[in-house]
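Let me begin by presenting the structure, written as structure tokens, before commenting on it.
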């Protein structure tokens, strides 16, 4: 296409798009005035008047909607970071066992990965919550000298109390993501050329040392892109908290929409809170990637 | 005799001892794990045979068809049969040329056929969408969304590589925003916002709103996968096509897209399997698909508290379908390889 043609095409396209969005916005305005809702954000400072079962910062129903949303965001962040760490630990372990020499572990981890990957996360979460926690009989499942106490009210560990909703979400999310992380780890390890394994073996370096000092450092850069996308997926999947009744950012948005009917404003808020979360994860992973690259030189 | 027997025994004992102790510590560990896993499987199997599966067996109809009218249930059943047969043909079918060429059209044709069979009209009684449910609805949402999102995804991927500034920026903006938002939010706001953007008087059904939301979401992911496939095509392919005198449109249709699809097929399959699993999210938003039906069954006082049976049943159904999808895609991949050709 010549340059003039391109410019002409872009102008036509722009007008078409403007016309289309104009029609959409016109419809929106008509519908909003019809239902008498309008588009404003001043409801954010009004008292929320709903209570939250779980809040890390002081919160009462008389606090504003904005504060409730912030509490929800903090709750989301809490569950995302903790399940991210747990999922990485479990996933790395499973990934190592998946490529290891031990045939028993190789088979069981392969079975684990297919079962976890081929069933919906929502069913897994509900299974953890309704079967794992809520149906514990006699109210206590495990109690080891008051250090670790698992009951239908949640998990208590060294005085650190985790509610049953949070624990179910944490376990469900971590185990679901760990299967995907294990595949990333396996792919990364298998991307190291076979000659490297042969080389350290022929140098007489022990299996353990060779694996951790020679293979893993070379596989690390291959882990990073896969891990980043899995972490982003985990952050997005954490919105399924609503299924187990944990009050994360999405669940609070849902409650507010039910109370006020302000769907568009809430959608914009949710969009921005997730953009910030995604940016946070990609930035941190970028820093890790850079430090790995620097340590290699 | 006695001597021989004791000899055998000592031999066996020696063998066992050597197996457990002398060879290596890993063997012993293996043995312990093996015993534990055998006992766990045994416990699980005894539990399966002992527990009461009435919650599943007496509701099979509901799981499959939801509240579809009973004397019309042959329609979704017939659709299932067609889907099953076309799947079997794809996996195990003969290698006739005309069959292979038309298989794609067969797959595409199952979607309108399913909509016609479920919705009725043209000689069949009309069934309202609120009566659609169970596995039927799950498969319908999945297949419709796949059918719509593949072409949109291809188009978005091509637009993202376009040399025209505005098109490129717009499509990358759309893809990036869609990939940043969680699916449940897209579905929920799809249910809420789509009616707001439509002119007064026009209404879209809940099921169709769900399909639109799924399509919008999945097409962004598919676009990224296809873009990866497009990037893997060497530049000289385009130069060769240009020197043969093909124009841009022909290059895209005949050279780039088939090769990109072949490369991106595993990734796209993963997205589509994810789509099938994620239709379960619609149960949170009140649609009576497979999980929604199960939740209403669990709310029935007759079956209250039988979570574990229902969830194991559901998980196995989803697992079966996802594995079938993976198998079909593997077969497609084998058939699409260049060397075999058509």
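Just so it is clear, none of the values below were taken in a lab; they were calculated from the coordinates. Remember, it's a predicted structure, so these values are computed and weren't measured experimentally. A quick note on method: Cβ atoms are made from the backbone with ideal geometry, for glycine too, and the neighbour counts reach across all protein chains shown.
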field: Average Cα contact separation per residue, chain A, under 8 Å, 6 or more apart, as relative contact order %
entry: 20
- prompt: Taking each residue of B:184-190 in turn, how many C-beta atoms of other protein chains fall within 10 Å of its C-beta, and what is the average?
  reply: 6
query: So, by mean Cβ neighbours within 10 angstrom, what's the order for B:316-329, A:209-222 with the highest one leading?
result: B:316-329, A:209-222
- prompt: For the protein assembly as shown, what is the percent of antiparallel DSSP beta bridges, rounded to the nearest 5?
  reply: 95
For chain A, alpha-carbon Rg relative to the globular expectation (2.2 N^0.38 Å, N residues): 1.30
task: Determine the calculated [θ] at 222 nm for chain B from helices alone, applying -39500 (n - 2.57) to every DSSP H run no shorter than 4 residues and normalising by the residue count; nearest 500 deg cm²/dmol.
output: -24500 deg cm²/dmol
- prompt: Mean residue ellipticity at 222 nm from the helices of chain A, using -39,500 (n - 2.57) per DSSP H segment of n ≥ 4 over the full residue count, to the nearest 500 deg cm²/dmol?
  reply: -23000 deg cm²/dmol
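Can you work out D for the protein assembly as shown in µm² s⁻¹ from Stokes-Einstein, where Rh is the Kirkwood radius over C-alpha pairs, the temperature is 4 °C and the viscosity is 1.567 mPa s? Don't skip to the answer; put the middle values down first.
Numbers: Rh = 28.1 Å.
Roughly 46 µm²/s, to the nearest whole number.
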message: I'd like the FRET efficiency for residue A:151 and residue A:82, computed as 1/(1 + (r/R0)^6) with the beta carbon distance as r and R0 of 25 Å, rounded to 0.05.
response: 0.80
- line: Residue separation between residue A:29 and residue A:271 times 0.36 nm, minus their alpha-carbon distance, gives in nm 85.0 nm
query: Which of A:246, A:59, A:200 moves most in a GNM of chain A, Cα contacts under 10 Å?
result: A:200
field: Distance between modelled label sites at residue B:168 and residue A:2, nm, 7 Å Cα→Cβ extension
entry: 2.2
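Calculate how large, on average over all directions, the projected area of the Cα convex hull of chain B is; give the answer in nm² to one decimal.
Over every viewing direction, the Cα hull of chain B projects on average to 29.6 nm².
Quick check: residue separation of residue B:116 and residue B:70 times 0.36 nm, minus the Cα distance between them. What number comes out in nm?
Answer, rounded to one decimal: 14.8 nm.
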